[in-house]
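Single-structure report; data block below.
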Amino acid sequence: MKVSFPHMGTSHIAFKHLIEHLGHEAVVPPNPSKRTLSLGVQHSPEFACIPFKILLGSYLEVLEQGTDMIISSGGVGPCRAGIYGLLHEKILKSLGYDFEMLIFEPPLRGVGDFISKIGRVIKPGGVGWIEFIRVFKITWKKLLALDETEILSHRIRPYEITKGETSRIFDQCLYLIDQAQTQGEIEEAKIESERKLNAIKQKEGYTPLKVGIIGEIYVVLEPFINLDIEKTFGEMGVETHRSIYLTDWTRDNTVFDGEKNIKKAAEPHLNQLIGGHGINSIGETILYAKNGFDGVVQLAPFTCIPEIVAKSILPEVSKKFNIPVMTIFLDEQTGKAGVQTRVEAFVDLLEHKRRGKGA
Amino acid sequence: MDCYLGFDVGSVSTNLVVITEDGQVVERLYIRTKGQPIKTIKSGLEYMRENLDNSIDIKAAGTTGSARNLTGVIVGANVIKNEITAHAVAVSREIPNAQTILEIGGQDSKIIVLRSGIVTDFAMNTVCAAGTGSFLDQQASRLGIPIEEFGNLALQSENPVRIAGRCSVFAESDMIHKQQLGHNLEDIVAGLCEALVRNYLNNVGKGKDILEPIVFQGGVAANKGIHAAFEKALAKEVMIPTEFSVMGAIGAAYLAKNNYLQTGVSKFKGWDMADQNFAARSFECKGCPNLCEVINIFQDDNLIARWGGRCGKWEHAC
């Protein structure tokens, strides 16, 4: 069976591993491109947000390659993304594609449903439950290695002396992790990646500005949509810390220390679920401020209600915790100039602010 | 006399200023870009060469605006700076106690919040261009009024018509409906000004502390109707600096001056760049499905700059 899944940052490397080791052929979605965007926009409702359109475009690209099954995630709470999977399926089927769409809801919403869906993936490949759990654990290791390597790359990029070197080395690291198959190999690939990144020639005696990146998960994770904002900051000598990684709930996160803390921090300003990552955006801004970050950038898909609500609360948070926040709404634009201008201006603002403090 | 050149090349207008050591503007030029920045930059240089006194010695140049990189390469800039910083720098020199800058240009509008001369917050329209100069331009020509008279006409209105300002496309159709009902031209024009201001305050101005002194600048500040609509909506005095249309260029010139005084190096290539042949040629990179349009800037046959790729491989190879 040919199985595919959404493209989100670097996670496809781990998902490919999972699918292949369950006895299927993995159809890795190509990096989102202008073609993905055009395909997605053509077949999406005009008012849908950009993650919907990019995902649909991605699915069309993998279906062209003969995919039999697409695995995606659902969601709960007042955000449209919860029904995106269903709508994608309807649109794709009406276009004449014959495939199975498997939408995983959070396991606690229905354990039976969750288990039966896993069964539908592993049975056709002749894989038993014990083997599935073993493969899943290794996949998770791979995801962790990917995230940890990426986090390190964002820490090193602002110090690089040769512009673009970190991104080049990071691509090599992704290749290494992709090649690794066993737990031992993944560990080795991770250590080698760290060594390669640390070997990049770096500026000394330099304290970069630190910017936290918050907002809706898909636009935060996918560089094609956020116009490489982390790379743009990094190459201007600014360190970024991203609020969302897929492995967040097991990795030690020194800034946030868990979802509960984020919600607790947000509570005085927003105490109810507004869908998506709305509460997170508030809580994370506060935690970034408390952890000495210089500024925060909120990334939001155009028309995203949770982020719009968060945006209207952020000015009061920004004032109270004395941390500048810049919001960027993302849609179909692929021109980088607009984001570049705003990022440059934001960095100027943060530099002046820091100098003003006498730091 | 030592002077500094500031260049602001935007989507609609190209502005040049020459300032002295102590910030006096000795020459200014405001021309339309007309989608041909290279040609416009060259005619700007030529104008300055013809009109400037021989005693003026340009020590350094600074560029800003959406074509700041292109301009920087052609004229040889010491500083290439984003518009927000450039505008803020100009205002903090001209009106040191200003706390809010409202700026509306051709394609974008921004708000800059200053406290003690330092930018503490800003916003710029992102996805929607409703409420910018281009939109006013279009509507003025649709109504058959020269843009220069637009503002005066708006001031004559006694009962501005309410026009939907949320989106320029909807604004246009709403405006046509109101016209067909028989409303006066001046009431419609005034309504349009109010709609634009409402949209600006709800969009870029959302959640910002708009404290006095408030400075309004950019090409649209020439429009008295918009100025009046701002004062009405904010119920505060809104001042317009004398050099409102070239503030970005003034900021760029100040930044060039600071840079020159610090480094002692001038990168300015001279007025005679006006006679050189510059050409932009692009090609589509087929390295990945992004099919980036990579732009090469040539001076005669020499490649002097390159940009437009997403991955950076072309830029780094230049």
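Test B:LYS232 against the criterion of being out of contact with any Leu (no Cβ under 6 Å at 6 or more places or on another chain) and within 14 Å of another protein chain (Cβ to nearest Cβ), and give yes or no.
Details: out of contact with any Leu (no Cβ under 6 Å at 6 or more places or on another chain): yes; within 14 Å of another protein chain (Cβ to nearest Cβ): no.
So B:LYS232 does not fit the description; no.
With the range B:19-130 as the region, which strands (runs of 3 or more DSSP E) entirely inside it contain at least 1 residues that are under 30 Å from B:PHE170 (Cβ atoms) and within 14 Å of another protein chain (Cβ to nearest Cβ)?
Details: elements: B:25-32, B:57-64, B:100-104, B:109-115, B:118-124.
The qualifying strands (runs of 3 or more DSSP E) are B:100-104, B:109-115, B:118-124.
Scanning the range A:204-220 for residues that are in contact with a strand residue (DSSP E or B) (Cβ under 8 Å, 6 or more places away or on another chain) and either among the charged types (D, E, K, R) or assigned to a helix (DSSP H, G or I) (or both) gives A:LYS210, A:GLU216, A:TYR218, A:VAL219, A:VAL220. When A:ILE328 is tested against (1) crowded, with 23+ Cβ neighbours inside 10 Å; (2) facing chain B (nearest Cβ under 10 Å); (3) among the β-branched types (Val, Ile, Thr), just one condition goes unmet, and that condition is (1). B:LEU211 meets each of the listed conditions (1) of a type in the set (A, V, I, L, M, F, W, C); (2) within 24 Å of B:SER157 (Cα to Cα); (3) surrounded by fewer than 17 Cβ atoms within 10 Å (Cβ to Cβ) apart from (2). Scanning the range A:11-33 for residues that are surrounded by fewer than 23 Cβ atoms within 10 Å (Cβ to Cβ), outside any helix (DSSP H, G or I) and away from chain B (no Cβ under 14 Å), which turns out farthest from the chain's Cα centre (by Cα)? Looking at the filtered set, the residue picked out is A:GLY23.
A single member of A:PRO268, A:PRO301, A:PRO315 is in the same structural domain as A:THR341 (by TED's automatic domain parsing) and under 17 Å from the mean Cα position of the chain (by Cα), and it is A:PRO301.
Across the range A:347-359, which residue is nearest to the other protein chains (Cβ to nearest Cβ) among those that are in contact (Cβ under 8 Å) with a residue 40 or more places away in the chain and among the aliphatic types (A, V, I, L, M)? I'd like the intermediate steps shown before the answer.
Taking the range A:347-359 first, the residues in contact (Cβ under 8 Å) with a residue 40 or more places away in the chain are A:347, A:349-351, A:353-354.
Filter once more, keeping what is among the aliphatic types (A, V, I, L, M): A:347, A:349-350.
Numbers: A:VAL347: 9, A:LEU349: 5, A:LEU350: 10 Å.
It comes out as A:LEU349.
Report yes if B:THR64 is touching a helix residue (DSSP H, G or I) at 6+ places or on another chain (Cβ under 6 Å) and under 27 Å from B:TRP307 (Cα atoms), otherwise no. Against the criterion (touching a helix residue (DSSP H, G or I) at 6+ places or on another chain (Cβ under 6 Å) and under 27 Å from B:TRP307 (Cα atoms)), B:THR64 qualifies.
Residue-by-condition table, conditions (1) out of contact with any Pro (no Cβ under 7 Å at 6 or more places or on another chain); (2) crowded, with 22+ Cβ neighbours inside 10 Å; (3) of a type in the set (A, V, I, L, M, F, W, C); (4) away from every other protein chain (no Cβ under 14 Å):
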site: A:LEU144; (1), (2), (3), (4): yes, no, yes, yes
site: A:ILE177; (1), (2), (3), (4): yes, yes, yes, yes
site: A:GLY184; (1), (2), (3), (4): yes, no, no, yes
site: A:ASN198; (1), (2), (3), (4): yes, no, no, yes
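Does A:VAL343 qualify as being closer than 30 Å to A:THR36 by Cα, surrounded by 15 or more Cβ atoms within 10 Å (Cβ to Cβ), within 14 Å of chain B (Cβ to nearest Cβ) and touching a strand residue (DSSP E or B) at 6+ places or on another chain (Cβ under 9 Å)?
Numbers: closer than 30 Å to A:THR36 by Cα: yes; surrounded by 15 or more Cβ atoms within 10 Å (Cβ to Cβ): yes; within 14 Å of chain B (Cβ to nearest Cβ): yes; touching a strand residue (DSSP E or B) at 6+ places or on another chain (Cβ under 9 Å): yes.
The answer is yes for A:VAL343.
Looking at this structure, is A:GLU194 part of a helix (DSSP H, G or I) and either farther than 25 Å from B:GLY309 by Cβ or among the small types (Gly, Ala, Ser) (or both)?
Numbers: part of a helix (DSSP H, G or I): yes; either farther than 25 Å from B:GLY309 by Cβ or among the small types (Gly, Ala, Ser) (or both): yes.
Here the answer is yes, as A:GLU194 does meet what is asked.
Listed by position, the helices (runs of 4 or more DSSP H) contained in the range A:230-346 that have at least 1 residues being of a type in the set (S, T, N, Q) and free of Cβ contacts under 8 Å to residues at least 12 places away in the same chain are A:305-320.
Among the residues of the range A:34-44, are any in contact with a strand residue (DSSP E or B) (Cβ under 8 Å, 6 or more places away or on another chain), crowded, with 22+ Cβ neighbours inside 10 Å and polar (S, T, N, Q)? Spell out the reasoning first.
Applying the first criterion (in contact with a strand residue (DSSP E or B) (Cβ under 8 Å, 6 or more places away or on another chain)) to the range A:34-44 yields none.
No, there is no match, as no residue in the range A:34-44 is in contact with a strand residue (DSSP E or B) (Cβ under 8 Å, 6 or more places away or on another chain), crowded, with 22+ Cβ neighbours inside 10 Å and polar (S, T, N, Q).
Only one residue in A:ILE323, A:ILE328, A:ILE286, A:ILE313 is touching a Ser or Thr at 6+ places or on another chain (Cβ under 9 Å), modelled with pLDDT of 90 or more and either among the small types (Gly, Ala, Ser) or over 24 Å from A:ILE225 (Cβ atoms) (or both). Which one? Walk me through how you get there before you give the answer.
Details: A:ILE328 fails: either among the small types (Gly, Ala, Ser) or over 24 Å from A:ILE225 (Cβ atoms) (or both); A:ILE286 fails: touching a Ser or Thr at 6+ places or on another chain (Cβ under 9 Å); A:ILE313 fails: either among the small types (Gly, Ala, Ser) or over 24 Å from A:ILE225 (Cβ atoms) (or both).
The match here is A:ILE323.
Conditions tested, residue by residue: (1) closer than 23 Å to B:LYS236 by Cβ; (2) hydrophobic (A, V, I, L, M, F, W, C).
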| site | (1), (2) |
| --- | --- |
| B:GLU158 | yes, no |
| B:SER173 | no, no |
| B:HIS177 | no, no |
| B:LEU181 | no, yes |
| B:LEU185 | no, yes |
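Among the criteria (1) part of a helix (DSSP H, G or I); (2) closer than 21 Å to B:LYS286 by Cβ; (3) in contact with a Phe, Trp or Tyr (Cβ under 6 Å, 6 or more places away or on another chain), the one A:LEU39 does not fulfil is (3).
Here B:LEU181 passes the criteria (1) at pLDDT 85 or above; (2) surrounded by fewer than 21 Cβ atoms within 10 Å (Cβ to Cβ); (3) within 11 Å of chain A (Cβ to nearest Cβ) except the one numbered (3).
If you scan the range B:257-269, which residues turn out to be loosely packed, with under 13 Cβ neighbours inside 10 Å and touching a residue at least 12 places away in the same chain (Cβ under 8 Å)? Matches in the range B:257-269: B:THR263, B:VAL265.
The values are calculated or read from the model by the stated rules, or taken from the named source; none is laboratory data. Predicted, not measured: the structure shown is a model, and the values here were computed from it. Counting neighbours? That spans all protein chains shown, and the Cβs are built from the backbone with ideal geometry, glycine included.
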